[in-house]
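Enquirer: Handing you this structure, nothing more for now.
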Amino acid sequence: MDTNAGESASPPSSNEAAAGSQSQSDASEEEEYLDNSIELRGYLSKWTNYIYGWQPRYIVLKDGTLSYYKSESESDFGCRGAISLTKATIKAHESDELRFDVVVNNLNNWCLRAETSEDRMHWVDVLQLYKADSGSTDTTSLRRHGSTMSLQSNTISLTSGGSLNKTQRNLREKFGELETFKDILFGQIETLQRYFDACSEVNKNNAQPLDLGDGLKSIDFKGESITFRATTSGVLTTLQHCLEIIAESDESWKRKLEREIDKRRRSEDQSKKLKDEVEKMKRLSYPGPDFEEGPHSTLPEDEFFDAVETGLDKIEEDMQLRFKLKLQSQISQTLVNVPHEAVAEGEEAREEFGTGAEATSHALWPEIDRVCKEQLHYAREGVGQDGNGWQIFADEGEIKMYKREEEVNGLVMDPLKAYHTVQGVTAREMCHYFFMPEFRNDWETTLEDCTILEKISADTLLFLQTHKRIWPASQRDAQFWSHMRKITDNLEPGARDMWVVCNNSTEYAKQESKNGKCVRIFLTVILACQTHLPEGYVKGQPLNRNDLTCKITYCSVVNPGGWAPASALRAVYKREYPKFLKRFTGYVIDQCKDKPIMF
């Protein structure tokens with residue numbers, strides 16, 4: 001980290017330091033000047049937006065302003081943004097030891113990350129030191145100003161209203177009466193004091209006559225006592241009037257206070273509600289790193305699910321529109337349904353297709369053969385045979401879906417098993433459209449890109465598949481092999497044939513994400529399909545699609561590869577898996593209805 005301190009005046013010499021208080025004042029001014037001329041610069045990672053994430057930026061602190069540039073070479077051509085530290089708040093992040101935020105009025109927020117925790121501490125210390133020194137005077141001024149305004153506001157509120165003015169006028173009149181009574185009492189007390197002083201002198205000098213001064217030769221004690229009693233009674237009566245006036249307005253003031261308190265409470269509730277709505281809109285409109293997928297995400301789980309659900313709905317709407325436009329652009333053709341068995345064309349027509357014979361020499365074949373056999377055995381097991389607590393979570397006619405809730409290192413990895421039965425297609429047709437990459441974009445809504453890394457054989461391919469980003473979840477991809485196989489042993493009674501497609505993640509010839517920012521999914525999936533013909537069917541008889549029944553078993557275990565809220569992820573699974581199975585099988589039925597039957 002490159003840090004530079006600004007130039008400053010030389011410190012005072014020892015002779016000047018001996019000059020007493022003047023030298024101390026100079027030293028304090030010297031120190032203040034040094035603090036205010038701090039200059040700090042260097043590269044930090046700055047959060048840009050949810051598409052580009054963290055990007056390196058050249059950050060400069062100078063003259064109370066924090067500025068950033070795309071690079072140091074651009075620092076002479078004007079900054080890309082700036083924040084005044086006078087009104088900024090510098091906060092070190094609680095969970096990320098490399099990150100700190102510079103916030104102004106909760107509207108402008110710079111999220112920054114240093115290379116090391118020491119660098120972060122250095123930046124935070126310097127920025128806070130600069131803010132403390134440069135903003136102390138303004139803070140005091142603002143605090144005093146606020147207090148003055150509060151007093152003025154109170155005075156205005158107390159002097160508003162006609163009844164309040166009348167009450168104050170009455171109290172001022174009574175206060176004037178009290179002042180008059182006070183003067184009378186003081187005069188009487190002084191008269192009595194002079195009398196007592198004169199009596200004391202008479203006792204000392206019995207020969208001298210009593211002289212009260214001011215020409216008073218004697219005093220009427222009875223008259224003075226009566227006057228004193230009347231004066232004190234007047235004081236008490238006036239005080240009683242004051243209490244009555246205050247008591248008369250007390251109930252009115254209480255009612256006014258209760259109304260004001262209630263009004264203030266409603267205003268605060270409304271303000272809080274509006275503030276929460278604004279914050280929610282700001283999170284959705286301007287997502288920052290605190291709302292990204294991850295264990296430290298501050299986005300609530302329900303809002304996480306709502307955001308993902310909205311993204312999936314938008315993708316599905318776009319796909320339906322694209323599919324409708326595709327149908328409109330095609331030339332209408334009348335196809336003849338061939339009422340007899342047909343065979344596949346091209347590479348699928350060879351006898352070796354579906355046996356794996358052409359892939360046996362590949363380095364991945366032992367793994368492919370082993371996983372396919374394990375998954376086939378797993379698919380043939382019923383949901384009540386392994387005793388691991390399968391729970392049904394979707395029951396929609398012919399579709400029944402089961403799951404087991406499992407978490408590994410905090411990641412949801414619920415195994416899924418689904419059963420479905422459809423009419424009008426064969427097992428091979430169902431697996432054909434599931435396996436072939438040229439059809440995948442037609443039924444997989446979240447697919448962004450599908451690349452064949454290696455064609456091991458006609459029935460075995462190595463894929464790198466990238467899925468669309470659905471905020472706030474991270475974008476994901478998967479590298480896996482896919483193998484299509486014909487099963488000839490242990491068929492169910494009444495089954496004509498059985499085909500399976502097995503997909504499994506692999507690290508073989510590992511490829512990095514295309515954009516370098518994807519979270520990698522690890523998956524194991526099998527689609528097992530069986531063709532059933534009507535009872536009493538004799539081989540060689542003509543067939544049409546109404547005679548075909550396809551029984552489907554779909555099993556999957558998916559490791560999402562990164563943290564996501566468990567409840568939100570399970571809610572997405574519950575919502576999307578039935579839709580996926582219905583969408584895919586409906587697509588295959590629609591594609592095959594006017595084509596020859598393929599076994």
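Enquirer: Structure shown: which of K417/K595; K455/K517; K400/K579; K131/K272; K486/K574 lie over 21 Å apart, alpha-carbon to alpha-carbon?
Expert: K417/K595; K455/K517; K131/K272; K486/K574
Enquirer: Where the accessible area of segment 40-135 is counted over protein heavy atoms with a 1.4 Å probe, how much of it, in %, is carbon and sulfur?
Expert: That fraction is 46 percent.
Enquirer: With every protein chain kept in place and ligands, DNA and RNA left out, what is the accessible area per residue of segment 409-544? Probe 1.4 Å, answer in Å².
Expert: 39 Å²
Enquirer: Let me ask something additional. How many Å³ per residue does the convex hull of the Cα positions in segment 351-434 occupy?
Expert: 154 Å³
Enquirer: At 25 °C and 0.890 mPa s, what whole-number value in µm²/s does Stokes-Einstein give for the translational diffusion of segment 477-536, with Rh from the Kirkwood sum over Cα pairs?
Expert: 174 µm²/s
Enquirer: Here's something else I'd like to know. Let me have the relative contact order for segment 441-522, percent, based on Cα pairs under 8 Å that are six or more residues apart.
Expert: 25 percent
Enquirer: Here is a further query. Step through the table entries K403/K510; K87/K256; K510/K582; K91/K273, compare each Cα-Cα distance with 28 Å, and write down the pairs that go over it.
Expert: Table pairs above 28 Å Cα-Cα are K403/K510; K87/K256; K510/K582.
Enquirer: For S567 and K254, what is the calculated FRET efficiency with R₀ set at 56 Å and r taken between the beta-carbons, to the nearest 0.05?
Expert: 0.70
Enquirer: I've got another one for you. With a 1.4 Å probe and every protein chain left in place, work out the accessible area per residue of segment 40-135 in Å², rounded to a whole number.
Expert: 54 Å²
Enquirer: Separate question: Is the C-alpha gyration tensor of segment 40-135 telling us rounded, prolate or oblate? Criteria: a/c under 1.5 is rounded; beyond that, a/b larger than b/c is prolate, otherwise oblate.
Expert: Because its axes are fairly even, with a/c under 1.5, segment 40-135 counts as rounded.
The values are calculated or read from the model by the stated rules, or taken from the named source; none is laboratory data. Bear in mind the structure is a predicted one, so any value in this text is a computation, not a measurement. Cβ: placed from backbone, ideal geometry, glycine included. Neighbour counts: every protein chain shown. We work out accessible area using only protein heavy atoms, side chains counted, and drop any ligands, DNA or RNA first. Shrake-Rupley method; radii C 1.70, N 1.55, O 1.52, S 1.80 Å.
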